[in-house]
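The values are calculated or read from the model by the stated rules, or taken from the named source; none is laboratory data. Because the structure is predicted, anything quoted here is derived from the model rather than measured. Every residue, glycine as well, gets a Cβ built from its backbone with ideal geometry; the counts of neighbours run over all protein chains shown.
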Amino acid sequence: MTSPDQELWTRVKERLRAEVGPEVFSSWFARMDLESTEDDTVKHSVPTRFLKSWIQSHYAERLLICWQKEQPAIRRIELTVRSAVLRTLTQKPKAPEPPPPQRGELREARGNGGEQRATVPPVSAAHEALGGSPLDPRLSFETFVVGRSNTLAHAAGKQVAQGRRGEAVMFNPLYIHAGVGLGKTHLLQSIAWAGNAATDRKVLYLTAERFMYGFVAALRTQNALAFKEALRTIDVLVIDDLQFLQGKQTQAEFCHTLNALIDAGRQVVIASDRPPSDLESLDERVRSRLAGGLVVEMGSLGEELRLEILKSRVAAAKLHHAGFDVPYPVLVFIAKTVTHNGRDLEGALNRLLAHSKLTSQPVTLEMAEREVRDLVRPMEPKRIKIEEIQRVVARQYNVSRADLLSSRRTANVVRPRQVAMYLAKTLTLRSLPEIGRRFGGRDHTTVLHAVRKIENLVNNDAALAEEIELLKRQLQE
Ligand code: ADP
Ligand code: MG
């Protein structure tokens, strides 16, 4: 390629930089090379596919216009991805790598460093004395990013956290539900932190499991009464993952606590992976009590929200890892690619951090594309076993697994059996005959019939469709 072309390219770059601003320019165009100019066509290369598609969809026009101002004959821009092979061949040999950091260093990425802990309010003595579940210093309102899917839940949470002792409570209980990794625990712990910072109130954050454990332990040591009394003295009770509350006795106790607190004007906040009406194992009265406050759903994280979360995560990681930086295009790339939930976003960033620490290389798009490809794997639908499907379906419909495998044909067994077969067909790779065998040695035509039947019903029966969605969600977790 001739050097006049390169000079031209330098001028085009200056135009571009002036148009889009230095920040955007260095994010997207810094590593774009000119390969050739032929007649009316300019050929550029960039190092990654993502960069190529991003520039194509966002900047193709501008780039062309900038070229035309220098060279009016230009009509077309072609973008190619530079091959990795060529690049490695032309790369200078690397300096010897520094020794990998100690194991402990990486763990800091999770924010357990003492430094950060000191900047957040300490857990109140009351929380600890009451045996609350541990609070994670990273999960506070400061780090909770608000977007379309969680505005209402966040506002309600804030409101609740600001309440004062003796003041009338507005929403009681505040019930938040959402799928996995969409920020329930983050929001609930934010409420607990904020509430604890206001010293005159006792805020207790408990997972449902912890509640059960506490109650069972109290029963065992004959302290049940003290446990109940203690619970009823708190101002704000925050219960996470209510769907895990099991056992008749604990449920009854939960019900009493709930009623006692609400009737006494104390605030209750609850999170679960489903709305109150779907907590089948709970008593109808508890369900309606739960539904009687404010029920808010948090939807899945939109792309913008994912990007904001990533930004705030990087900022937090930088506090502990001075050299760590993630270029904007990489953040955009992750926000676009890792779509599942907040946990996967966190996982993606941890991978980048680990990689950059272990290799002392800066984070680049190439590296991110590699690392995230890697991360996509565990996000593929989990392998689900037929036994698991049978177990979950049986539990849901209150029949036994043996019933599902039996030859009984009463309606209360037939439908669950069909649902289970349908799920086995749609969630596993097993063949119809194999599924038939696993359901008490049935013929494959029976399985086929069940699958078709449920397929038809799902299309016309919204309640059943939702029930099946929920079952799928439980199985895929
Ligand atoms: P859930 O309890 O609903 O399964 P978590 O609260 O544990 O989800 O969130 C999973 C991860 O995603 C956490 O690391 C959390 O900090 C992050 N996350 C989710 N929503 C948000 C948000 N709105 N702002 C900041 N981080 C979030
Ligand atoms: Mg949670």
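Numbers at a glance
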item: Where HIS320 falls short, out of the listed (1) near ligand 1 (Cβ under 10 Å from one of its atoms); (2) crowded, with 17+ Cβ neighbours inside 10 Å; result: (1)
item: Candidate set from the range 130-180 (those that are in a helix (DSSP H, G or I) and touching a Lys or Arg at 6+ places or on another chain (Cβ under 9 Å)); member that is nearest to ligand 2 (Cβ to nearest atom); result: ALA153
item: Residues (small (Gly, Ala, Ser), near ligand 1 (Cβ under 9 Å from one of its atoms) and surrounded by fewer than 24 Cβ atoms within 10 Å (Cβ to Cβ)) located in the range 179-199; result: GLY179, GLY181
item: Every residue from the range 24-42 that is in contact with a helix residue (DSSP H, G or I) (Cβ under 8 Å, 6 or more places away or on another chain) and either among the charged types (D, E, K, R) or more than 14 Å from GLU70 (Cα to Cα) (or both); result: PHE25, SER27, TRP28, PHE29, ARG31, MET32, LEU34, SER36
item: Some residue of the range 427-443 being under 28 Å from PHE244 (Cα atoms), under 34 Å from the mean Cα position of the chain (by Cα) and not aromatic (Phe, Trp, Tyr); result: yes
item: Residue within the range 217-224 that is assigned to a helix (DSSP H, G or I), buried (at least 21 other Cβ atoms within 10 Å of the Cβ) and either of a type outside the set (Lys, Arg) or within 16 Å of ligand 1 (Cβ to nearest atom) (or both) present; result: no
item: Among the candidates LEU310, LEU301, residue that is within 16 Å of ligand 2 (Cβ to nearest atom) and more than 23 Å from MET212 (Cβ to Cβ); result: LEU301
item: Given (1) within 16 Å of ligand 2 (Cβ to nearest atom); (2) part of a loop (DSSP other than H, G, I, E, B); (3) within 15 Å of ARG266 (Cβ to Cβ), index of the condition LEU206 fails; result: (2)
item: Selected residue (only one of LEU301, LEU319 is of a type in the set (A, V, I, L, M) and either assigned to a loop (DSSP other than H, G, I, E, B) or at pLDDT 90 or above (or both)); result: LEU301
item: Breaking point among (1) surrounded by fewer than 19 Cβ atoms within 10 Å (Cβ to Cβ); (2) within 30 Å of VAL330 (Cβ to Cβ), for VAL372; result: (1)
item: Meets criteria (surrounded by fewer than 19 Cβ atoms within 10 Å (Cβ to Cβ), within 21 Å of HIS154 (Cα to Cα), at pLDDT 85 or above and within 16 Å of ligand 2 (Cβ to nearest atom)) for GLU346; result: yes
item: Complete set of residues in the range 36-55 that are in contact (Cβ under 8 Å) with a residue 24 or more places away in the chain and either part of a helix (DSSP H, G or I) or surrounded by fewer than 16 Cβ atoms within 10 Å (Cβ to Cβ) (or both); result: SER36, ASP39, ASP40, THR41, ARG49, PHE50, LEU51, LYS52, TRP54, ILE55
item: Residue match in the range 250-263 (condition: closer than 22 Å to VAL392 by Cβ, more than 16 Å from ligand 2 (Cβ to nearest atom) and either surrounded by 14 or more Cβ atoms within 10 Å (Cβ to Cβ) or without any contact (Cβ under 8 Å) to a residue 60 or more places away in the chain (or both)); result: yes
item: Subset tally (residues that are in contact with an Asp or Glu (Cβ under 6 Å, 6 or more places away or on another chain) and within 16 Å of ligand 1 (Cβ to nearest atom)) for the range 156-177; result: 1
item: Pair list, Cβ < 7 Å and 6+ apart or interchain, from the range 68-83 residues that are loosely packed, with under 14 Cβ neighbours inside 10 Å and at pLDDT 90 or above to residues that are among the charged types (D, E, K, R) and assigned to a helix (DSSP H, G or I); result: LYS69/ARG15
item: Selected residue (only one of LEU231, LEU225 is in contact (Cβ under 8 Å) with a residue 12 or more places away in the chain and either within 34 Å of the chain's Cα centre (by Cα) or away from ligand 2 (no atom under 16 Å from the Cβ) (or both)); result: LEU231
item: Residues of the range 20-52 satisfying the condition of being out of contact with any strand residue (DSSP E or B) (no Cβ under 9 Å at 6 or more places or on another chain) and small (Gly, Ala, Ser); result: GLY21, SER26, SER27, ALA30
item: Within the range 41-50, considering residues that are at pLDDT below 90 and either over 10 Å from LEU79 (Cβ atoms) or among the basic types (Lys, Arg) (or both), the one farthest from the chain's Cα centre (by Cα); result: PRO47
